[in-house]
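This report refers to the structure that appears directly beneath it.
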Amino acid sequence: MDRFDAIVVGLGGMGSAVLHELARRGVRVLGIEPNGIAHDRGSSHGQTRMIRKAYFEHPSYVPLVERSFGGWEALESASGQHLLDRAGFVLFGNEDGEVIQGVQRAAREHELSIEALGMADVQRRLPMFRLDEGMVALWEHDAGILHVETCVRTFIEQAQLCGASVALGEAVVKWEADSRGISVTTDDSRYGADRLIFCAGAWTGELLAQAGFPIEVRRKVVLWFEAPSEQFRLGGDFPTFCFDTPRGFFYGFPALGDGLIKVGEHSNGLAIQHPGKVDGDLHDNDSSPVLEFMARHLPNVATDGHSHSVCMYSMTPDTHFILDFVPGMPNVIVAAGFSGHGFKFAPVVGSILADLAQTGSTQEPISFLSANRQALWPSDAGSD
């Protein structure tokens with residue numbers, strides 16, 4: 001049985017990041033991934049992810065995303081890969097809504113540079129968008145786009161250059177943890193370690209069934225549409241965006257080299273029981289909310305003829321992450337429940353998980369992401 005200091009299960013965004021960080025620190029680490037590198041059967045694919053400091057979800061995320069900006073830039077510098085484009089980000093919503101109010105709160109607490117735009121400003125500066133009466137916009141100029149598959153591949157390549165081992169095409173079928181350490185059995189091999197880190201995304205519930213984490217897996221669909229002009233392409237006037245509307249919460253990206261705009265609905269989503277059997281087909285109830293959104297708010301983009309992709313969100317009850325030791329298991333760590341907004345944090349999450357694996361604690365402000373927080377266990381069942 002091969003033995004390591006640490007084993008990472010799952011090499012998507014978070015798993016690839018902690019694999020790299022541990023290897024960079026000189027830790028003997030193994031990453032186990034049942035699929036290939038940057039595969040399309042999880043939550044870390046689909047060309048692009050946003051990175052923004054305008055964090056309406058919780059102001060405590062802002063210091064973490066600021067650290068992540070630096071982490072992405074450091075990875076670019078070390079690898080020579082192009083990972084991040086500063087395309088800007090615009091949030092549209094009702095002035096009195098929770099989303100707009102949440103961004104303004106985060107901006108005040110962390111002195112963020114956020115520009116408020118009224119209806120007339122949007123009509124003049126962002127004429128491709130149509131707003132509902134009463135909507136306002138908040139513009140974060142420094143936000144951007146992460147090229148998700150390239151980011152994952154780069155983390156793993158850099159990890160291997162630092163000495164990490166990778167086991168691809170191996171699925172974990174059994175694992176055990178006790179005071180002597182960890183054993184992990186895959187469908188091909190058996191491994192031992194001092195620490196075990198789960199970054200398994202939608203498979204967290206299956207692999208950590210004994211912990212009973214209240215994570216719901218949702219099937220999510222994104223659509224791509226042909227850009228009507230150069231204005232809608234990356235480098236033009238079209239930013240990444242989110243729309244908070246009474247009909248749902250929608251997001252989108254400028255067109256990349258393929259000339260296609262990516263748009264999806266962040267809200268809703270069908271709960272699924274078996275992530276390995278997620279339906280990859282496009283159905284009318286997948287596309288109709290997005291097509292209605294486009295007709296109302298991006299009317300100059302033709303919606304006849306579009307492609308799609310399916311991924312999965314792993315949702316916690318409060319939509320915040322879990323970054324912690326598994327309760328009752330001092331040598332097993334879990335990163336889970338990223339709820340559709342986690343990828344941008346991969347560099348700092350990798351650093352946090354490496355801290356926990358090496359020292360048992362971290363200096364990063366993650367108390368609100370505890371595995372024992374009340375929001376995860378409202379009846380106190382399962383918490384310490």
In the P(r) worked out for the stretch 119-265, what percent of Cα pairs fall beyond 27 Å? 49 percent
Which of the peptides 347-357, 246-256, 64-74 is most tightly packed, and how do the rest follow, judged by the mean count of other Cβ atoms within 10 Å per residue? 347-357, 246-256, 64-74
Peptides 176-182, 144-150, 264-270 ordered by average Cβ neighbours within 10 Å, highest first: 144-150, 264-270, 176-182
Would you kindly state how much longer the chain becomes between Glu57 and Arg190 on full extension, computed as 0.36 nm times their sequence separation minus their alpha carbon distance, in nm to one decimal? 43.8 nm
Full-extension gain in nm, Arg3 to Arg124, via 0.36 nm per residue minus C-alpha separation: 37.4 nm
Would you mind getting the accessible area per residue of the stretch 60-108, heavy atoms of the protein chains only, 1.4 Å probe, in Å²? 43 Å²
What percentages make up the Cα-Cα pair-distance distribution of the stretch 1-156 when the bins are 5 Å wide from 0? 2, 8, 15, 16, 16, 14, 11, 8, 5, 3, 2, 1, 0, 0
Go through Thr245, Gly118, Pro63 and say which Cα lies farthest out towards the positive end of the charge dipole of the chain; charges sit on Cβ, +1 for Lys and Arg, -1 for Asp and Glu. Pro63
Note on the stretch 90-147: alpha-carbon gyration tensor, axes a ≥ b ≥ c; rule is a/c under 1.5 for rounded, else prolate if a/b larger than b/c, else oblate; result oblate
Nonlocal amide H pairs with Asp324, under 5 Å, H built at 1.01 Å: Val334
Quick one: accessible area per residue over the stretch 312-384, 1.4 Å probe, rounded to a whole number of Å²? 34 Å²
Could you pull the Rg and Dmax for the stretch 185-234, using just the Cα atoms, both in Å? 19.8, 55
Unit charges on C-beta of K, R, D, E only; dipole of the stretch 152-251, Debye: 160 debye
In deg cm²/dmol, rounded to the nearest 500, the helical mean residue ellipticity at 222 nm of the chain, built from -39500 (n - 2.57) for every DSSP H run of length 4 or more, is -8000 deg cm²/dmol
Relative contact order for the chain: what is it in percent, counting Cα pairs under 8 Å that are at least 6 residues apart? 23 percent
Accessible surface of the chain [probe 1.4 Å, protein heavy atoms]: carbon and sulfur percent: 46 percent
Is there a quick way to get the dipole size of the stretch 1-103? I mean about its Cα centre, with the Cβ of Lys and Arg at +1 and of Asp and Glu at -1; what is the value in debye to the nearest 20? 380 debye
Given N residues in the chain, what is Rg(Cα) / (2.2 N^0.38 Å)? 0.98
Please work out how much length the chain gains when fully extended from Glu66 to Ser288, using 0.36 nm per residue of separation minus the C-alpha to C-alpha distance, in nm with one decimal. 76.3 nm
Amide N proximity, the stretch 157-189 versus Glu206 label position 7 Å along Cα-to-Cβ, cut-off under 11 Å: 171-173
Pull up the cross-link candidates among the lysines for Lys220, meaning alpha carbon to alpha carbon under 19 Å and not fewer than 8 places away within one chain. Lys262, Lys277, Lys344
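The values are calculated or read from the model by the stated rules, or taken from the named source; none is laboratory data. Since we're looking at a predicted model, the values are computed, not measured. Please note: Cβ atoms are built from the backbone with ideal geometry, for glycine as well, and neighbour counts cover all protein chains shown. Please note that ligands, DNA and RNA were not included when accessible areas were found on the heavy atoms of the full protein model with its side chains. Shrake-Rupley method; radii C 1.70, N 1.55, O 1.52, S 1.80 Å.
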